[in-house]
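Worksheet: one structure, shown below.
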Amino acid sequence: MKSPLLSLPGAVPAEGVDEGVAAHYGDLFREQRALADGTGFVDLSHRGVVTVTGDDRLSWLHLLLTQHVSDLPTGQATEALVLSANGHIEHALYLVDDGTTVWAHVEPGSQEALITYLESMKFFYRVEVADRTPDTAVVHLPAGSIAQAPESAAVRETPYGRDLFLPREELEAFAADAGPAAGILAHEALRVEQHRPRLGFETDHRTIPHELGWIGTAVHLQKGCYRGQETVARVQNLGKPPRRLVFLHLDGSEVHLPPAGAEIRLADDGPEGRKIGFVTTSVRHHELGPVALALVKRNVPVDARLMAEDTAAAQETVVEP
(Lines give C-alpha, C1' and ligand atoms only; values in the text may rest on other atoms or scores of the structure.)
Protein backbone atom coordinates (compact mmCIF):
# COMPACT_ATOMS: atom_id res chain seq x y z
CA MET A 1 0.00 0.00 0.00
CA LYS A 2 1.34 3.42 -0.94
CA SER A 3 1.52 5.79 2.01
CA PRO A 4 0.02 9.27 1.69
CA LEU A 5 3.08 10.54 3.57
CA LEU A 6 5.13 10.08 0.39
CA SER A 7 3.70 13.50 -0.49
CA LEU A 8 5.66 15.14 2.37
CA PRO A 9 8.49 17.50 1.29
CA GLY A 10 11.70 15.67 0.37
CA ALA A 11 10.20 12.18 0.51
CA VAL A 12 12.17 9.61 -1.50
CA PRO A 13 10.31 6.29 -1.96
CA ALA A 14 11.83 3.13 -0.53
CA GLU A 15 12.42 0.14 -2.76
CA GLY A 16 12.14 -3.61 -2.38
CA VAL A 17 10.18 -5.07 0.52
CA ASP A 18 9.78 -1.60 2.06
CA GLU A 19 8.22 -0.12 -1.06
CA GLY A 20 5.23 2.06 -0.24
CA VAL A 21 6.83 4.28 2.42
CA ALA A 22 9.67 6.80 2.37
CA ALA A 23 13.29 5.69 2.43
CA HIS A 24 14.15 9.15 3.72
CA TYR A 25 12.95 12.76 3.60
CA GLY A 26 16.15 14.36 2.33
CA ASP A 27 18.57 14.07 5.24
CA LEU A 28 19.31 10.52 6.41
CA PHE A 29 21.64 11.44 9.27
CA ARG A 30 19.41 14.21 10.61
CA GLU A 31 16.53 11.74 10.67
CA GLN A 32 18.64 9.18 12.54
CA ARG A 33 19.72 11.74 15.10
CA ALA A 34 16.12 12.84 15.64
CA LEU A 35 15.03 9.26 16.35
CA ALA A 36 18.01 8.69 18.63
CA ASP A 37 17.02 11.84 20.53
CA GLY A 38 13.44 10.63 20.93
CA THR A 39 11.77 12.97 18.46
CA GLY A 40 9.81 12.42 15.27
CA PHE A 41 8.20 9.23 13.99
CA VAL A 42 8.62 6.53 11.34
CA ASP A 43 5.90 5.65 8.85
CA LEU A 44 5.62 1.85 8.84
CA SER A 45 2.21 1.81 7.21
CA HIS A 46 3.38 -0.71 4.61
CA ARG A 47 3.63 -3.46 7.25
CA GLY A 48 0.97 -6.12 7.52
CA VAL A 49 -1.47 -5.96 10.43
CA VAL A 50 -3.26 -9.05 11.74
CA THR A 51 -5.73 -9.21 14.62
CA VAL A 52 -7.08 -12.11 16.65
CA THR A 53 -10.26 -11.69 18.68
CA GLY A 54 -12.38 -14.08 20.72
CA ASP A 55 -12.34 -15.56 24.21
CA ASP A 56 -9.71 -18.17 23.33
CA ARG A 57 -7.32 -15.85 21.49
CA LEU A 58 -4.40 -16.02 23.94
CA SER A 59 -4.66 -19.70 24.84
CA TRP A 60 -4.96 -20.56 21.15
CA LEU A 61 -2.00 -18.44 20.06
CA HIS A 62 -0.01 -19.97 22.91
CA LEU A 63 -0.28 -23.33 21.14
CA LEU A 64 0.99 -21.97 17.83
CA LEU A 65 3.67 -19.43 18.67
CA THR A 66 7.13 -19.73 20.19
CA GLN A 67 6.31 -17.19 22.90
CA HIS A 68 4.44 -17.74 26.19
CA VAL A 69 1.27 -15.70 25.64
CA SER A 70 -1.48 -17.60 27.47
CA ASP A 71 -1.28 -15.15 30.38
CA LEU A 72 -0.03 -12.12 28.45
CA PRO A 73 -0.98 -9.02 30.45
CA THR A 74 -3.07 -6.39 28.72
CA GLY A 75 -0.83 -3.78 27.11
CA GLN A 76 2.41 -5.77 27.45
CA ALA A 77 4.35 -6.00 24.20
CA THR A 78 6.07 -9.18 23.09
CA GLU A 79 7.58 -10.85 20.04
CA ALA A 80 6.84 -14.33 18.73
CA LEU A 81 7.75 -16.60 15.84
CA VAL A 82 5.99 -19.23 13.77
CA LEU A 83 8.35 -22.07 12.93
CA SER A 84 8.23 -24.85 10.38
CA ALA A 85 8.11 -28.47 11.52
CA ASN A 86 11.91 -28.48 11.23
CA GLY A 87 12.30 -25.40 13.41
CA HIS A 88 13.04 -22.91 10.63
CA ILE A 89 11.61 -19.40 11.04
CA GLU A 90 8.56 -18.70 8.86
CA HIS A 91 6.95 -15.64 10.48
CA ALA A 92 7.87 -13.01 13.06
CA LEU A 93 5.05 -11.25 14.93
CA TYR A 94 5.29 -8.09 17.01
CA LEU A 95 2.19 -8.15 19.14
CA VAL A 96 0.18 -6.72 22.01
CA ASP A 97 -3.20 -7.56 23.55
CA ASP A 98 -5.47 -4.61 24.34
CA GLY A 99 -7.90 -6.61 26.49
CA THR A 100 -10.20 -7.71 23.68
CA THR A 101 -7.93 -8.01 20.64
CA VAL A 102 -4.42 -9.23 19.89
CA TRP A 103 -2.78 -6.81 17.46
CA ALA A 104 0.29 -7.94 15.53
CA HIS A 105 2.35 -6.33 12.81
CA VAL A 106 4.38 -8.45 10.43
CA GLU A 107 6.64 -8.07 7.43
CA PRO A 108 5.05 -6.35 4.41
CA GLY A 109 3.11 -8.81 2.30
CA SER A 110 3.50 -11.73 4.72
CA GLN A 111 0.12 -11.32 6.40
CA GLU A 112 -1.78 -13.42 3.86
CA ALA A 113 0.40 -16.50 4.36
CA LEU A 114 0.27 -16.05 8.13
CA ILE A 115 -3.52 -15.76 8.11
CA THR A 116 -3.82 -18.85 5.93
CA TYR A 117 -1.80 -20.81 8.49
CA LEU A 118 -3.75 -19.44 11.45
CA GLU A 119 -7.09 -20.17 9.79
CA SER A 120 -6.02 -23.77 9.20
CA MET A 121 -5.41 -24.19 12.93
CA LYS A 122 -8.66 -22.74 14.32
CA PHE A 123 -10.50 -26.06 14.85
CA PHE A 124 -13.04 -25.58 17.66
CA TYR A 125 -11.41 -22.56 19.29
CA ARG A 126 -13.43 -19.37 19.76
CA VAL A 127 -11.23 -17.05 17.72
CA GLU A 128 -11.52 -14.81 14.70
CA VAL A 129 -8.52 -13.83 12.58
CA ALA A 130 -8.59 -10.70 10.40
CA ASP A 131 -6.33 -8.85 7.99
CA ARG A 132 -6.47 -5.26 9.23
CA THR A 133 -3.81 -3.95 6.87
CA PRO A 134 -6.30 -2.08 4.64
CA ASP A 135 -7.64 0.01 7.53
CA THR A 136 -4.71 0.12 10.00
CA ALA A 137 -1.33 1.83 9.67
CA VAL A 138 1.67 1.08 11.89
CA VAL A 139 3.61 4.13 13.11
CA HIS A 140 6.76 3.99 15.25
CA LEU A 141 7.57 6.57 17.93
CA PRO A 142 11.17 6.31 19.20
CA ALA A 143 12.13 5.70 22.83
CA GLY A 144 11.86 8.94 24.78
CA SER A 145 9.19 10.42 22.54
CA ILE A 146 6.62 12.56 24.34
CA ALA A 147 4.18 12.47 21.42
CA GLN A 148 0.66 11.53 22.47
CA ALA A 149 -0.86 8.38 21.03
CA PRO A 150 -4.41 8.92 19.77
CA GLU A 151 -7.11 7.21 21.82
CA SER A 152 -8.10 5.29 18.70
CA ALA A 153 -4.69 3.56 18.48
CA ALA A 154 -3.60 0.31 20.04
CA VAL A 155 -0.13 0.87 21.53
CA ARG A 156 2.76 -1.56 21.72
CA GLU A 157 5.47 -0.16 24.01
CA THR A 158 8.98 -1.62 23.89
CA PRO A 159 12.47 -0.55 25.06
CA TYR A 160 13.03 0.82 21.55
CA GLY A 161 9.88 2.93 21.40
CA ARG A 162 6.16 2.65 20.78
CA ASP A 163 4.44 1.02 17.83
CA LEU A 164 1.01 2.49 17.18
CA PHE A 165 -1.75 0.60 15.36
CA LEU A 166 -3.44 3.69 13.98
CA PRO A 167 -6.62 3.90 11.90
CA ARG A 168 -5.25 4.51 8.42
CA GLU A 169 -7.60 7.43 7.86
CA GLU A 170 -5.87 9.26 10.76
CA LEU A 171 -2.31 8.83 9.47
CA GLU A 172 -1.93 12.21 7.79
CA ALA A 173 -3.40 14.13 10.73
CA PHE A 174 -1.14 12.27 13.14
CA ALA A 175 1.93 13.00 11.00
CA ALA A 176 1.12 16.72 11.00
CA ASP A 177 1.30 16.77 14.81
CA ALA A 178 4.06 14.21 15.46
CA GLY A 179 6.84 15.33 13.08
CA PRO A 180 9.51 15.46 11.95
CA ALA A 181 9.12 12.36 9.81
CA ALA A 182 12.03 9.92 9.54
CA GLY A 183 12.37 7.38 6.76
CA ILE A 184 12.74 3.63 6.89
CA LEU A 185 16.51 3.90 6.32
CA ALA A 186 16.92 5.79 9.60
CA HIS A 187 14.79 3.17 11.34
CA GLU A 188 16.93 0.41 9.83
CA ALA A 189 20.18 2.08 10.90
CA LEU A 190 19.06 2.12 14.51
CA ARG A 191 17.81 -1.46 14.24
CA VAL A 192 21.24 -2.60 13.09
CA GLU A 193 22.91 -0.63 15.88
CA GLN A 194 20.61 -2.40 18.36
CA HIS A 195 21.51 -5.83 16.87
CA ARG A 196 17.83 -6.63 16.22
CA PRO A 197 17.20 -9.20 13.49
CA ARG A 198 14.50 -8.78 10.88
CA LEU A 199 12.68 -11.56 9.07
CA GLY A 200 13.74 -11.79 5.44
CA PHE A 201 16.88 -9.76 6.12
CA GLU A 202 18.75 -11.76 8.76
CA THR A 203 16.87 -14.95 7.87
CA ASP A 204 16.89 -17.38 5.00
CA HIS A 205 15.02 -20.64 4.40
CA ARG A 206 17.05 -22.54 7.03
CA THR A 207 17.46 -20.00 9.84
CA ILE A 208 16.67 -21.20 13.36
CA PRO A 209 16.01 -18.82 16.29
CA HIS A 210 19.28 -19.56 18.14
CA GLU A 211 21.35 -18.14 15.28
CA LEU A 212 19.87 -14.67 15.67
CA GLY A 213 19.54 -14.29 19.43
CA TRP A 214 15.76 -14.66 19.32
CA ILE A 215 15.86 -17.11 22.23
CA GLY A 216 14.36 -15.27 25.18
CA THR A 217 12.98 -12.30 23.29
CA ALA A 218 10.76 -14.25 20.88
CA VAL A 219 11.16 -17.88 22.02
CA HIS A 220 10.16 -19.06 25.50
CA LEU A 221 12.02 -22.20 26.53
CA GLN A 222 9.66 -23.34 29.31
CA LYS A 223 6.35 -23.36 27.48
CA GLY A 224 4.36 -26.23 26.03
CA CYS A 225 4.48 -27.82 22.62
CA TYR A 226 4.40 -25.88 19.36
CA ARG A 227 5.46 -26.65 15.83
CA GLY A 228 9.24 -26.75 15.59
CA GLN A 229 9.79 -27.03 19.35
CA GLU A 230 11.79 -30.24 18.98
CA THR A 231 14.51 -28.46 17.04
CA VAL A 232 14.58 -25.56 19.50
CA ALA A 233 14.92 -27.91 22.48
CA ARG A 234 17.52 -30.13 20.81
CA VAL A 235 19.79 -27.24 19.87
CA GLN A 236 19.33 -25.58 23.25
CA ASN A 237 20.09 -28.71 25.27
CA LEU A 238 22.38 -30.80 23.12
CA GLY A 239 24.20 -28.67 20.60
CA LYS A 240 24.97 -25.31 19.04
CA PRO A 241 23.46 -23.54 16.03
CA PRO A 242 25.50 -23.80 12.82
CA ARG A 243 25.69 -20.02 12.38
CA ARG A 244 25.69 -16.93 14.56
CA LEU A 245 24.73 -13.28 14.12
CA VAL A 246 27.55 -10.73 14.31
CA PHE A 247 27.76 -6.94 14.18
CA LEU A 248 30.35 -5.56 11.77
CA HIS A 249 32.25 -2.29 11.79
CA LEU A 250 33.09 -1.70 8.14
CA ASP A 251 36.06 0.15 6.67
CA GLY A 252 34.85 3.73 6.35
CA SER A 253 37.19 4.54 3.48
CA GLU A 254 35.10 2.47 1.08
CA VAL A 255 32.57 4.41 -0.99
CA HIS A 256 30.09 1.55 -1.35
CA LEU A 257 28.54 -0.60 1.33
CA PRO A 258 28.73 -4.37 0.82
CA PRO A 259 25.17 -5.33 -0.13
CA ALA A 260 22.99 -7.95 1.50
CA GLY A 261 24.33 -11.33 0.47
CA ALA A 262 27.93 -10.13 0.12
CA GLU A 263 30.24 -13.02 0.94
CA ILE A 264 32.40 -12.85 4.05
CA ARG A 265 35.87 -14.42 4.24
CA LEU A 266 38.72 -14.39 6.74
CA ALA A 267 41.00 -11.46 5.93
CA ASP A 268 44.09 -13.62 6.43
CA ASP A 269 42.88 -16.06 3.73
CA GLY A 270 42.73 -13.39 1.03
CA PRO A 271 40.10 -12.99 -1.72
CA GLU A 272 40.32 -16.68 -2.67
CA GLY A 273 39.55 -17.89 0.84
CA ARG A 274 36.47 -19.96 1.55
CA LYS A 275 33.17 -18.28 2.31
CA ILE A 276 32.39 -18.25 6.04
CA GLY A 277 29.23 -16.12 6.02
CA PHE A 278 27.35 -13.30 4.38
CA VAL A 279 26.13 -9.77 5.05
CA THR A 280 22.44 -9.54 5.92
CA THR A 281 21.92 -5.77 6.36
CA SER A 282 24.40 -2.91 5.85
CA VAL A 283 23.74 0.74 6.74
CA ARG A 284 25.44 4.07 7.29
CA HIS A 285 25.02 5.11 10.91
CA HIS A 286 25.13 8.76 12.01
CA GLU A 287 27.74 8.02 14.72
CA LEU A 288 29.23 4.60 14.00
CA GLY A 289 29.74 5.07 10.27
CA PRO A 290 29.26 2.08 7.97
CA VAL A 291 28.08 -0.97 9.94
CA ALA A 292 26.31 -4.22 9.19
CA LEU A 293 24.74 -7.35 10.55
CA ALA A 294 25.96 -10.66 9.18
CA LEU A 295 25.64 -14.39 9.65
CA VAL A 296 28.90 -16.33 9.98
CA LYS A 297 29.76 -19.93 10.77
CA ARG A 298 29.63 -20.60 14.49
CA ASN A 299 33.29 -21.63 14.75
CA VAL A 300 34.67 -18.39 13.25
CA PRO A 301 36.97 -16.94 15.96
CA VAL A 302 35.39 -13.90 17.64
CA ASP A 303 38.59 -11.89 17.13
CA ALA A 304 39.10 -12.85 13.48
CA ARG A 305 39.56 -10.03 10.98
CA LEU A 306 36.99 -10.35 8.21
CA MET A 307 36.44 -9.17 4.65
CA ALA A 308 32.94 -8.46 3.33
CA GLU A 309 33.65 -8.72 -0.38
CA ASP A 310 36.42 -6.08 -0.68
CA THR A 311 35.62 -4.25 2.54
CA ALA A 312 37.56 -4.88 5.74
CA ALA A 313 35.34 -5.61 8.74
CA ALA A 314 35.82 -5.98 12.49
CA GLN A 315 33.22 -8.04 14.30
CA GLU A 316 31.36 -7.67 17.57
CA THR A 317 29.70 -10.74 19.05
CA VAL A 318 25.92 -10.74 19.08
CA VAL A 319 25.30 -14.48 19.48
CA GLU A 320 27.94 -16.36 21.44
CA PRO A 321 29.70 -19.16 19.52
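The values are calculated or read from the model by the stated rules, or taken from the named source; none is laboratory data. Model, not experiment: these values are computed from the prediction. Cβ sites come from the backbone with ideal geometry, for glycine too, and all protein chains shown count toward neighbours. With ligands, DNA and RNA removed, areas are computed over all heavy atoms of the protein, side chains included. Shrake-Rupley method; radii C 1.70, N 1.55, O 1.52, S 1.80 Å.
With the calculation restricted to Cα positions, what are the radius of gyration and Dmax of region 239-321 in angstrom?
11.8, 40
With the full set of protein chains in place, find how many percent of the accessible area of the chain is carbon and sulfur; take the probe as 1.4 Å. Display every interim value, and only then the final one.
Working: 7270 of 14350 Å².
The C+S portion of the solvent-accessible surface of the chain is 51 percent.
Taking the Cβ of Ala182 as the center, what net charge do the other residues with Cβ under 12 Å away carry, scoring Lys and Arg +1 and Asp and Glu -1?
-3
So which lysines can Lys122 reach, going by Cα to Cα under 24 Å and dropping same-chain residues fewer than 8 places off?
Lys223
Which one, His68, Asn86, Val52, projects farthest toward the positive side of the charge dipole computed for region 43-98 from Cβ point charges (K/R +1, D/E -1)?
Most positive-ward Cα: Asn86.
Tell me, what ³J(HN,Hα) does each residue in region 179-187 have, in order and in whole Hz, if you take phi through Karplus 6.51 cos²θ - 1.76 cosθ + 1.60 with θ = phi - 60° and put x for Gly and Pro?
Along region 179-187, the couplings run x, x, 6, 10, x, 5, 5, 5, 4 Hz.
Would you work out which of His187, Ala218, Leu250 lies farthest towards the positive end of the dipole of region 160-306? Charges go on Cβ: Lys and Arg +1, Asp and Glu -1.
Ala218
Averaging the inverse of every distinct alpha carbon separation and then flipping it gives the Kirkwood radius. What is it for the chain, in angstrom units? Please report the intermediate quantities before stating the final value.
Values: mean 1/r = 0.0487 Å⁻¹.
In the chain this quantity evaluates to 20.5 Å.
Cut-off under 24 Å on the C-alpha distance; same-chain residues fewer than 8 positions from Lys275 excluded. Which lysines are left, in chain and number order?
In chain and number order, the partners are Lys240, Lys297.
What is the sum of charges, Lys and Arg at +1 and Asp and Glu at -1, for the other residues whose Cβ falls under 12 Å from the Cβ of Lys240? Don't jump to the answer; show the numbers that get you there.
Details: positive: Arg234, Arg243, Arg244, Lys297, Arg298; negative: Glu211, Glu320.
The answer is +3.
Could you give the size of the charge dipole of the chain about its Cα centre, using +1 on the Cβ of each K and R and -1 on the Cβ of each D and E, expressed in debye and rounded to the nearest 20?
Values: 28 positive and 45 negative charges, 200 e Å.
Its charge dipole is roughly 960 debye.
For region 88-126 and region 252-301, what is the separation of their Cα centres, given in Å?
Result: 33 Å between the Cα centres.
Could you give the accessible area per residue of the chain, probe 1.4 Å, as a whole number in Å²? Write out the running numbers ahead of the final one.
Details: 14350 Å² over 321 residues.
So the chain comes to 45 Å² accessible per residue, rounded to a whole number.
Which distance in Å, rounded to a whole number, links the C-alpha centroids of region 191-227 and region 16-59?
19 Å
Return the single residue from Thr74, Thr66, Thr207 with maximal mean-square fluctuation; model: Gaussian network over the chain, springs between Cα atoms under 10 Å.
Comparing Thr74, Thr66, Thr207 in the GNM, the peak value goes to Thr74.
Just for the Cα atoms in region 170-321, what are the lengths along the principal axes, largest first, rounded to whole Å?
53, 47, 23
With a 1.4 Å probe and all protein chains kept in place, how much accessible area does Ile215 have, in Å² rounded to the nearest 10?
For Ile215, the solvent-accessible surface is approximately 50 Å².
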